[in-house]
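**Student:** Below you will find the structure I want to go over with you.
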Amino acid sequence: MGKTESYHHGNLRRAVLDAALAAIEESGPSGWSLRELARRAGVSHAAPAHHFGDKAGVLTAVAAEGFELFAGALERAAGDPYGAGVAYVRFAVDHRAYFEVMFRPELYRADDPELAAARDRAGAVLAASGRKLSRGEGADRATTLAAWSVAHGFASLWLNGALPESRGEADVEELAREVLRVVFGGGAE
């Protein structure tokens, strides 16, 4: 099978997405071109544009895939609101390229149906976790926003090396759980 044949029926999409993830890891969500992705993926320079349309199309696919993975990670921890917060941070650390795109809607087509469904799925788990942390009637939305802000802020500080612990041997999950407990009180259950 020749190189051209190997990129038919879905392989081209995966090859370009993998190239985009590598480029995002190296230079962020804006520091690359479709031509660079084609070179990285070993396809013609027109192939990414033909398949995704433009850079926003590639980033939309990255965000949709990221939200799918993210929703799965959150769902696995859904019984424990602290666990969901830790899963949030763990996802960011383990999937930085996705994380750097997912929460930047100016980079992609936020109304894409696949992306919206995955984002809504993750949002439902976050909201359910927020309700478990809520301290009173009607405080669910504020609690969800607070928990999201704490987890997202902690993950961003960790990824950017702003926390001294992120440059050492600290356990990101243990520290994230401790931070969530300080903010929301209570134990692990």
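**Student:** State whether the range 75-189 is rounded, prolate or oblate according to the following rule on the C-alpha gyration tensor (a ≥ b ≥ c being the square roots of its eigenvalues): a/c under 1.5 gives rounded; otherwise a/b larger than b/c gives prolate, and the remaining case gives oblate.
**Tutor:** Oblate, since a/c reaches 1.5 and b/c is not below a/b.
**Student:** Among Ala170, Tyr108, Leu126, whose Cα sits farthest toward the positive end of the charge dipole of the chain (+1 at Cβ of Lys/Arg, -1 at Cβ of Asp/Glu, about the Cα centre)?
**Tutor:** Looking along the dipole axis, the top candidate is Tyr108.
**Student:** Roughly speaking, to the nearest percent, how much of the chain's 1.4 Å accessible area is carbon and sulfur?
**Tutor:** 53 percent
**Student:** Quick one: plug the Kirkwood hydrodynamic radius of the range 6-90 (C-alpha pairs) into Stokes-Einstein at 20 °C, 1.002 mPa s, and report D in µm²/s.
**Tutor:** D, rounded to a whole number, is 153 µm²/s.
**Student:** What dipole magnitude, in Debye to the nearest 20, does the chain give about its Cα centre under +1 on Lys/Arg Cβ and -1 on Asp/Glu Cβ?
**Tutor:** Using Cβ point charges on Lys, Arg, Asp and Glu, the chain gives about 320 debye.
**Student:** Can you figure out the FRET efficiency of Arg39 with Ala117, using R₀ = 25 Å and their beta-carbon distance, to the nearest 0.05?
**Tutor:** 0.20
**Student:** Using the Cβ atoms and a cut-off under 14 Å, what net charge is assigned to the surroundings of Pro105, where Lys and Arg are +1 and Asp and Glu are -1?
**Tutor:** -2
**Student:** Please state the charge dipole magnitude for the range 59-105, taken about the Cα centre, from unit charges on C-beta atoms (+1 on K and R, -1 on D and E), reported in debye and rounded to the nearest 20.
**Tutor:** With Lys and Arg at +1 and Asp and Glu at -1, about 120 debye.
**Student:** With everything on Cα atoms, drop me the angle between helix 55-76 and the longest principal axis of the chain, reported from 0 to 90° to the nearest 10.
**Tutor:** Here the helix axis deviates by roughly 40 degrees.
**Student:** Then there's this: If we count every other residue with Cβ under 15 angstrom of Pro48's Cβ, Lys/Arg +1 and Asp/Glu -1, where does the sum land?
**Tutor:** On the way: positive: Arg13, Arg14, Arg35, Arg39, Arg40, Lys55; negative: Asp18, Glu36, Asp54.
With Lys, Arg at +1 and Asp, Glu at -1, the neighbours total +3.
**Student:** Quick one: length gained pulling Glu75 to Arg135 fully straight, 0.36 nm per residue minus the C-alpha distance?
**Tutor:** Difference between extended and current length: 19.4 nm.
**Student:** Next question, about the same structure. If you roll a 1.4 Å probe over the heavy atoms of the protein chains, what accessible area per residue do you get for the chain, in Å²?
**Tutor:** 51 Å²
**Student:** Still on this structure, I have one more. How tilted is helix 11-27 with respect to the longest principal axis of the chain? Cα atoms for both, answer in degrees (0 to 90, nearest 10).
**Tutor:** 60 degrees
**Student:** Let me ask another. Separation of the range 78-129 and the range 131-149 by C-alpha centroid, Å?
**Tutor:** Each part reduced to its Cα centre gives a spacing of 17 Å.
**Student:** Roughly how large, in nm² to one decimal, is the mean projection of the convex hull of the alpha-carbon atoms in the range 125-186?
**Tutor:** Average projection, Cα convex hull of the range 125-186: 4.3 nm².
**Student:** Around Thr60, with a cut-off of 14 angstrom between Cβ atoms, what is the net charge of the other residues, counting Lys and Arg +1 and Asp and Glu -1?
**Tutor:** Local net charge: -2.
**Student:** Mind listing which trypsin sites (Lys or Arg not before Pro) in the range 114-189 are in a DSSP loop and have 13 or fewer other Cβ atoms within 10 Å?
**Tutor:** Working: sites: Arg119, Arg121, Arg131, Lys132, Arg135, Arg141, Arg167, Arg177, Arg181; in loops: Arg135.
Filter output for the range 114-189: Arg135.
The values are calculated or read from the model by the stated rules, or taken from the named source; none is laboratory data. Predicted model only: the values in this text are computed from it and were never measured. As a convention, Cβ positions derive from the backbone with ideal geometry for all residues, glycine included, and neighbour counts pool all protein chains shown. Surface areas here come from the heavy atoms of the whole protein model, side chains and all, with no ligands, DNA or RNA. Shrake-Rupley method; radii C 1.70, N 1.55, O 1.52, S 1.80 Å.
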